[in-house]
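Just so you know, all these numbers are worked out from the coordinates, no wet-lab data involved. Owing to the predicted nature of the structure, the values given are computational and were not obtained by experimental measurement. Every residue, glycine among them, receives a Cβ derived from its backbone with ideal geometry; neighbour counts consider all protein chains shown.
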Amino acid sequence: MNNLLKGKKGIIFGALDEKSIAWKVAEESVANGANIVLTNAPTALRLGSINKLAEKCNCEVIPADATKIEDLENLLDKSMKILNGKVDFILHSIGMSVNVRKKRHYTDLNYDYLIKGFDISALSFHKLLQTAMKMDAISDWGSVLALSYIAAQKTFPSYNDMAENKSYLESIARSFGYHYGKDKRVRINTVSQSPTMTTAGSGVKGFDTFFNYAEKMSPLGNADSLNCAKFCVMLFSDYTRMITMQNLYHDGGFSSMGISDEVISSLEN
Ligand SMILES: NC(=O)c1ccc[n+]([C@@H]2O[C@H](COP(=O)([O-])OP(=O)(O)OC[C@H]3O[C@@H](n4cnc5c(N)ncnc54)[C@H](O)[C@@H]3O)[C@@H](O)[C@H]2O)c1
């Protein structure tokens, strides 16, 4: 195993169960020498199996609803105490659309649901960064990542209002990346991941079909969560110090494709 994060301290949001992308990022970070704190919304802590992961990673779990500033302040404060100093990296792996969950069509959105989903999936990233900056909780040259999806750039009808949430999330990485970069050399990026079989992923209508479609379109096939975790570890490491304000595709080549031979032959049959 590599030691890319030896001596580094991090906070990982969003590990719900073993399928979660954040679960793999936590395991890979610790395997690469990092000390971490895990966090998730209080309800998710009750429903999920995060304590199993905490045991494996020999780390603590601090509940935080990422939409609540007081929870984020408490999380950052406690993390700095537990980890004995500022954090070097943070993973924001949070997404939820109430409209998707309640099966509302994009042309018949409930705006209260939309605002709740936006707060959780996108605005929480700004809240996290702003709170961290005010508390000076991230070390110089730290690295912050959020997970995104290509529906921010191209239309995937069943992704619904999550498309706008991901566009906003990616924009925050650019805008905050400027300010945090100037202030503390902290870098902020989003990783645009292939469709992945997780609780959030499979909540999207027709997910199996577009998982298979992306698999056929991508020359390398869909990127799985373990490979995503390895990519995140690299982006947390000192090997990527000059990368910031980017949306980085981790998708087996999907984003550069128009059509593939496999998709053509599946349509011919
Ligand atoms: N699965 C995919 O196909 C896919 C593809 C690209 C990007 N992503 C993104 O990856 C990220 C992680 O999703 P996942 O697929 O691992 O699914 P997941 O369901 O395992 O993770 C989503 C997490 O968000 C957490 N969350 C929800 N509301 C919260 C709140 N108020 N405060 C704090 N945490 C909250 C959940 O508890 C859960 O742990 C999301 O941003 C998702 O949009 C997923």
Acute angle (nearest 10 degrees) that the helix 124-135 long axis makes with the longest principal axis of the chain, alpha-carbon atoms: 20
0 to 90° range, to nearest 10: angle between helix 21-31 axis and the chain longest Cα axis: 40
Cα-centred dipole magnitude for the stretch 145-269, charges only on beta-carbon of K, R (+1) and D, E (-1), debye, nearest 20: 720
Selection from Leu38, Ile21, Ile115 lying farthest towards where the dipole of the chain points positive, charges on Cβ: Leu38
Options Leu226, Leu72, Gly203, ranked by Cα towards positive dipole end of the chain, top entry (Cβ charges): Leu72
P(r) histogram, all alpha-carbon pairs of the stretch 27-157 included - 5 Å bins from 0, percent: 2, 9, 16, 21, 19, 14, 9, 6, 3, 0
Karplus 3J(HN,Hα) series, Hz, for the stretch 9-17 with 6.51 cos²θ - 1.76 cosθ + 1.60 (x for Gly, Pro): 10, x, 10, 10, 8, x, 7, 9, 8
Value at 222 nm in deg cm²/dmol, rounded to 500, when DSSP H runs of n ≥ 4 in the chain each add -39,500 (n - 2.57): -13500 deg cm²/dmol
Quotient of Cα Rg and 2.2 N^0.38 Å for the stretch 172-269, N being how many residues it contains: 1.31
Charged-residue dipole, Cβ positions (Lys, Arg, Asp, Glu), the chain about Cα centre, Debye nearest 20: 540
Point-charge dipole on Cβ atoms (K/R +1, D/E -1) for the stretch 3-45, about Cα centre, debye to 20: 220
Inter-part distance where the stretch 237-261 and the stretch 1-69 are each reduced to a Cα centre, Å: 24
Entries of Lys116/Lys205; Lys102/Lys166; Lys56/Lys81; Lys116/Lys154; Lys154/Lys184 with Cα pairs more than 25 Å apart: Lys154/Lys184
Using alpha-carbon coordinates, inclination of helix 225-236 to the longest axis of the chain, degrees: 40
